[in-house]
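> Okay, here's the structure, questions in a sec.
The values are calculated or read from the model by the stated rules, or taken from the named source; none is laboratory data. Keep in mind the model is a prediction, meaning the values are calculated, not measured. Methodologically, a virtual Cβ is constructed for each residue, glycine included, from the backbone with ideal geometry; neighbour enumeration extends over all protein chains shown.
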Amino acid sequence: MASSKDYLTFVLEQLSDLDGISYRAMMGEYILYFRDKIVGGIYDDRLLVKPVPSAISLMPTAAYELPYDGAKEMLLVDDVDNKEFLCNLFLSMYDELPTPKKKKSTSKK
């Protein structure tokens, strides 16, 4: 089941106090970025984030769920209605997220 654009819009509105939030549509789902780092995504109208230590400490009882078959488990964010919590979650996770890999440039000979 693909995620709805309405749910994406709702989550983006909840994160609107943060600069640098972006997303990319991918196979009916949405990958969420914070300052160019992948934080998580929206899968089947569920907000899932990477299970970095700060996210685990802020959501100690969060369920681990698969975004899709064959993927690594991610943390389900239940409290999407709490704008302050969501912004704090993304801010606290940022330093623990991997830096994006540089894309190799193709040189012409």
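> Restricting to segment 46-61, count the residues that are surrounded by 12 or more Cβ atoms within 10 Å (Cβ to Cβ) and over 24 Å from G28 (Cβ atoms).
Residues that pass the stated criteria total 6.
> Another question about this same structure. Hey, can you tell me all the residues within segment 58-72 that are part of a loop (DSSP other than H, G, I, E, B) and among the aliphatic types (A, V, I, L, M)?
Selection gives M59, A62, A63, L66, A71.
> Among the residues of segment 58-71, is any at pLDDT 95 or above and touching a helix residue (DSSP H, G or I) at 6+ places or on another chain (Cβ under 7 Å)?
Checked against the condition, which is being at pLDDT 95 or above and touching a helix residue (DSSP H, G or I) at 6+ places or on another chain (Cβ under 7 Å), segment 58-71 yields at least one hit.
> If I ask for residues that are out of contact with any Asp or Glu (no Cβ under 8 Å at 6 or more places or on another chain), part of a loop (DSSP other than H, G, I, E, B) and over 19 Å from K72 (Cβ atoms), which ones from segment 15-27 would you list?
Across segment 15-27, the qualifying residues are L15, S16, D17, L18, D19.
> What about P98, is it part of a loop (DSSP other than H, G, I, E, B), modelled with pLDDT under 95 and surrounded by 10 or more Cβ atoms within 10 Å (Cβ to Cβ)?
Criteria not met by P98.
> Which of the residues that make up segment 80-89 are over 10 Å from Q14 (Cβ atoms) and either out of contact with any helix residue (DSSP H, G or I) (no Cβ under 7 Å at 6 or more places or on another chain) or surrounded by fewer than 18 Cβ atoms within 10 Å (Cβ to Cβ) (or both)?
Scanning segment 80-89 gives a single hit, N88.
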